[in-house]
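A quick write-up on the structure given underneath.
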Amino acid sequence: MSLSPYLPIVGLFALAFAFALFSVAIAPLIGPRRYNKAKLEAYECGIEPTPQPVGGGRFPIKFYLTAMLFIVFDIEIIFLYPWAVAYDALGLFGFVEMVLFIGAVFIAYAYVWKRGGLDWD
């Protein structure tokens, strides 16, 4: 078995590694050096950091709802890609199954929209 078909992939990984290493090594040397108090503080999703937790140390539920919605629709895309690649091999059965899947996701989307889950107050 010859390894020559894998040479372009190895070259691509080597190039990516070299680019990442170069970027990390050169950034402190050529990057801007304008430090201020706000840049050195921890970033808390737009919430001003305070010594005492706001609201008893709990995050608003909107953060978790947004994360869950992202995961649901991200998983939908993950299922759509292989279906699109194998569309010809699946035939009518695959089409009907994907229409049912998209319908179920659309119903969930409409429910979340109606309940105000997409409104960022």
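The values are calculated or read from the model by the stated rules, or taken from the named source; none is laboratory data. Being a predicted model, the structure only gives us computed values, none of them experimental. Here the Cβ is made from the backbone with ideal geometry for all residues, glycine too, and neighbour counts use every protein chain on show.
Data table
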{"quantity": "Filter result (free of Cβ contacts under 8 Å to residues at least 12 places away in the same chain and closer than 15 Å to residue 109 by Cβ) within region 73-93", "calculated": "74, 75, 77"}
{"quantity": "Residue 88 part of a helix (DSSP H, G or I), under 30 Å from residue 115 (Cβ atoms), among the charged types (D, E, K, R) and at pLDDT 85 or above", "calculated": "no"}
{"quantity": "Options 75, 26: the member that is among the β-branched types (Val, Ile, Thr) and at pLDDT below 90", "calculated": "75"}
{"quantity": "Sole exception among (1) more than 25 Å from residue 118 (Cβ to Cβ); (2) at pLDDT 90 or above for residue 99, by number", "calculated": "(1)"}
{"quantity": "Answer residue from region 51-66, given it is among the aliphatic types (A, V, I, L, M) and surrounded by 10 or more Cβ atoms within 10 Å (Cβ to Cβ) and is modelled with the lowest pLDDT among those", "calculated": "54"}
